[in-house]
Amino acid sequence: MNDLDSEGRGVSGLQTHTVEVFDGKVWHRLTCRHGVNLRLLLLENDLSPYVPLTENLNCGGRGLCATCGIRFDGEAPTPEHWHDKAAARFGYPRLSCQIQVNRDLSVRLLPEKRIWGKRGKLESRRKGK
Ligand code: FES
């Protein structure tokens, strides 16, 4: 969507957001409607949160397998789903399938992960509730 008004609304009047995604090599800039599921947005733009082993072996966005993990640059969205809350609390990658895009975000894919990704810095744990 390129035709946005001063409040970030597209031609249809729906609010839009920018999601910047680092794939491990370069940054991509995506624009999406308010409330879009982050996992689906990534997949639709060929920016998979999965690694080859889990591309077809995952729970399909049900919040069960944790293979769709990503990390945020800057302020992360507040987790809503129990599994994503646990990931945030203990510093593991956040579950992209359980995140709705409700504001601009900066996301890092984890191409180096084997399946789930490692525990990270305390930043997420302090914010996770
Ligand atoms: S796809 Fe399984 S937890 Fe996200």
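If you plug each phi of the stretch 33-50 into the Karplus form 6.51 cos²θ - 1.76 cosθ + 1.60 with θ = phi - 60°, what whole-Hz ³J(HN,Hα) values come out, in order, with x for Gly and Pro?
Those phi angles translate into 6, 4, x, 5, 6, 5, 4, 5, 4, 4, 5, 5, 10, 6, 10, 5, x, 8 Hz.
Could you give the length gained by full extension between residue 102 and residue 14, i.e. 0.36 nm per residue of separation minus their alpha carbon distance, to one decimal place? Walk me through the intermediate numbers first.
Details: separation 88, 0.36 × 88 = 31.68 nm, distance 1.20 nm.
Value of the extension gain: 30.5 nm.
Send over the per residue convex hull volume for the chain, Cα only, as a whole number of Å³.
Numbers: hull volume 13.9 nm³, N = 129.
Cα convex hull per residue, to the nearest whole number: 107 Å³.
Taking θ = phi - 60°, what integer Hz values does the Karplus form 6.51 cos²θ - 1.76 cosθ + 1.60 yield along the stretch 76-91, in sequence order, with x for Gly and Pro?
8, x, 5, x, 10, 7, 4, 6, 5, 4, 5, 4, 5, 4, 9, x
Once the cut-off is 13 Å, how many percent of the Cα-Cα pairs in the stretch 70-109 end up in the long-distance tail?
Numbers: 348 of 780 pairs.
Cα-Cα pairs in the stretch 70-109 separated by more than 13 Å: 45 percent.
Restricting to DSSP H runs of at least four residues, report the calculated mean residue ellipticity at 222 nm for the chain, -39500 (n - 2.57) per run over all residues, nearest 500 deg cm²/dmol. Intermediate values should be presented prior to the final figure.
Details: 3 runs with 21 residues, N = 129.
Rounded to the nearest 500, it is -4000 deg cm²/dmol.
Read the figures in this text as sums done on the coordinates, not as results from a lab. In this text, all values refer to a predicted model and were calculated from it rather than measured experimentally.
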